[in-house]
Amino acid sequence: MHRRLFVTALAASPALSQAIEEPDFELLRRLGGVEVRQYAPYVVAEVGVPGPADEAGNRAFPILAGYIFGKNQGERQLAMTAPVTQAPVPQKLAMTAPVTQTAADGGYVVQFVLPKGVTLANAPVPNDQRIRLREVPARRLAVIRYSGFWSQANYDEHLALLTTALREVGQPWTGEPVLSRYDPPITPWFLRRNEIWLELP
């Protein structure tokens, strides 16, 4: 049932399927297939859900989609943007840690990026108290982009490539890896844009 809601809502959202809007960033450098980007601040609606990783998005999506489709004070509808991000909490990934995404005790945090111009001051208040509105500060991210299925094996392979590229240049990172998905599930696997983000100090 959750997966059906996830697919239906994403397919109905042209903003996400066409990636009309995403957070602003500046490309600083390339490390082979890895990009180092400087992101401007942006506001997200987020919710914590239990794992496993391949079910977290399906559990969170109906909650967050309800918020942007009008389940908020004022029944205001917001455009959907890309990407939808997902990260485990609260486990930290050190440079020496295994390059796998595992469910921490806290489960996963899934985020919708809110449209530009929406701030904490003017964003509609969620009706669902599980939803938190938060401003993500400006930050520098190392990013690897890949296509294909949303499988653990595909994720692990590209997370390993990302962390290897950073180790080779002696670049540390901090916090959890973030899985960012830009396309709805109906998008053919070979056309999907997926990314993994690691924050750089």
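The values are calculated or read from the model by the stated rules, or taken from the named source; none is laboratory data. Owing to the predicted nature of the structure, the values given are computational and were not obtained by experimental measurement. Reconstructed Cβ throughout: ideal geometry from the backbone, glycine too, with neighbour counts over all protein chains shown.
Details
- Residue in region 125-146 that is surrounded by 14 or more Cβ atoms within 10 Å (Cβ to Cβ), in a helix (DSSP H, G or I) and not acidic (Asp, Glu) present: no
- Looking across region 149-201, just one residue is in contact with a helix residue (DSSP H, G or I) (Cβ under 6 Å, 6 or more places away or on another chain), surrounded by fewer than 15 Cβ atoms within 10 Å (Cβ to Cβ) and either part of a strand (DSSP E or B) or β-branched (Val, Ile, Thr) (or both), and that is ILE186.
- Exactly one residue out of PRO184, PRO201, PRO172 is over 19 Å from GLY57 (Cβ atoms) and out of contact with any strand residue (DSSP E or B) (no Cβ under 6 Å at 6 or more places or on another chain), and it is PRO172.
- Residue in region 162-182 that is among the aromatic types (Phe, Trp, Tyr), within 18 Å of the chain's Cα centre (by Cα), within 17 Å of GLU22 (Cβ to Cβ) and modelled with pLDDT of 95 or more present: no
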